[in-house]
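Engineer: The structure follows.
Values quoted throughout were computed directly from the atomic coordinates according to the rules given, and no laboratory measurement underlies them. None of these values were measured; they are calculated from a predicted model. FYI the Cβ positions are ideal-geometry reconstructions off the backbone, even for glycines, and counts take in every protein chain you see.
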Amino acid sequence: MKIRESGMPKEDLWNSFFDVPKILSEMEINEKVEHLAEFGCGYGTFTLEAAKAISGLLFAFDIVEKLTDMVSAKAAEMDSVAIINRDFEATGTGLPKQSVDYLMLFNIMHHDKPEVIYKEAFRILKPGGKVGIIYWRNDIGVPAGLKISIRPKPEDLLTQYDSEKFSVYKEPFILEPYHFGIILQKIS
Ligand SMILES: C[S@@+](CC[C@H](N)C(=O)[O-])C[C@H]1O[C@@H](n2cnc3c(N)ncnc32)[C@H](O)[C@@H]1O
């Protein structure tokens, strides 16, 4: 099932909200990451740049076929990227267990059942693998269209995972101008 809507505006406007290279760098998406999964790739705002930054394969999932078709077309020349039209909530990812080093959860943690995401995250991540979360700040005004009522705060996100399975690798930090980031690590 599609997660509840956050009010995603048109592509050009959406992309203007992010300094992609800076976010990828601060979220430690770099050549030390081999394989990476992305839940809810949307317009692919981060997908292709993330794929170029890592050393292995990137698997991006989205439930909306129009979006996966669009991102697949953009990634047509890249053989290290798989764009998959799939409901990660209903059917998981289909990736083998312990197969990825990093999971991107970018702008999707208004999910009302985060435990579903963490269950699949734990399954597919290698021991010591990272979960990178970015989300809209709650302490400032952010661009119109994003409902404040469904925006989790950093402290909310820190209560959503099982602390026997994940620990905080990088405490919540601001990603100017509109976001914050957190990196969790799967306990080995
Ligand atoms: C707010 S957008 C974020 C897109 C992208 N991560 C970014 O930050 O630019 C959330 C995306 O998650 C996708 N999505 C929502 N529920 C999903 C599900 N159950 N399975 C796969 N994708 C889903 C939506 O279609 C949408 O493209």
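Engineer: Quick one: which residues, 5+ away or cross-chain, put their amide H under 5 Å from the amide H of N138? H built at 1.01 Å from N.
Structural biologist: Correct list: empty.
Engineer: I would also like to ask the following. Pop the C-beta distance of K32 and E115 into the FRET formula with R0 = 45 Å and round what comes out to the nearest 0.05.
Structural biologist: Efficiency computed from Cβ-Cβ geometry: 0.95.
Engineer: Then there's this: For M8, project a label point 7 Å along Cα to C-beta. Then give me every residue of the stretch 98-132 with its amide nitrogen under 11 Å of that point.
Structural biologist: 106-108
Engineer: So if R0 is 22 Å, what FRET efficiency would E49 and S16 give, r being the distance between their Cβ atoms, rounded to the nearest 0.05?
Structural biologist: Working: r = 15 Å, r/R0 = 0.69.
Working from the Cβ atoms, E equals 0.90.
Engineer: On to the next question. Specify the residue with the greatest mean-square fluctuation among E77, E11, E34, computed from a Gaussian network of the chain linking alpha-carbon atoms under 10 Å apart.
Structural biologist: E77
Engineer: Next question. Please give me the summed charge of the neighbours of M70: other residues whose Cβ is under 10 Å from its Cβ, Lys and Arg +1, Asp and Glu -1. Walk me through the numbers before you get to the answer.
Structural biologist: Values: positive: K66, K74; negative: E11, D62, E65, D69.
Spelling it out: positives minus negatives among the neighbours equals -2.
Engineer: Going by a ≥ b ≥ c, the root eigenvalues of the Cα gyration tensor, does the stretch 101-188 fall in the rounded group (a/c under 1.5), the prolate group (a/b larger than b/c) or the oblate group?
Structural biologist: Note, shape of the stretch 101-188 comes out prolate.
Engineer: Is the shape of the chain best called rounded, prolate or oblate, per the rule: a/c under 1.5 gives rounded, else a/b larger than b/c gives prolate, else oblate, with a ≥ b ≥ c the square roots of the Cα gyration tensor eigenvalues?
Structural biologist: rounded
Engineer: Quick one: if you stick a label point 7 Å off each Cα along the C-beta vector at S72 and D156, how many nm between them?
Structural biologist: 3.4 nm
Engineer: Between S188 and V168, how many nm apart are label points set 7 Å from Cα along the C-beta direction?
Structural biologist: Computed distance between label sites S188 and V168 equals 2.3 nm.
Engineer: Okay, next question. Which net charge results for the neighbourhood of K32, defined as the other residues with beta-carbon distances under 11 angstrom from its beta-carbon, given Lys and Arg at +1 and Asp and Glu at -1? Intermediate values should be presented prior to the final figure.
Structural biologist: Working: positive: K130; negative: E28, E31, E34, D101.
Residues close to K32 contribute a combined charge of -3.
Engineer: Specify the inter-centroid distance of the stretch 80-141 and the stretch 43-66, based on alpha-carbon positions, in whole Å.
Structural biologist: Taking the Cα centre of each part, the stretch 80-141 and the stretch 43-66 sit 12 Å apart.
Engineer: Also, I was wondering about something else. Of the beta bridges DSSP finds with both residues in the stretch 71-188, what % are antiparallel, to the nearest 5?
Structural biologist: Here the share of antiparallel DSSP bridges comes out near 70 percent.
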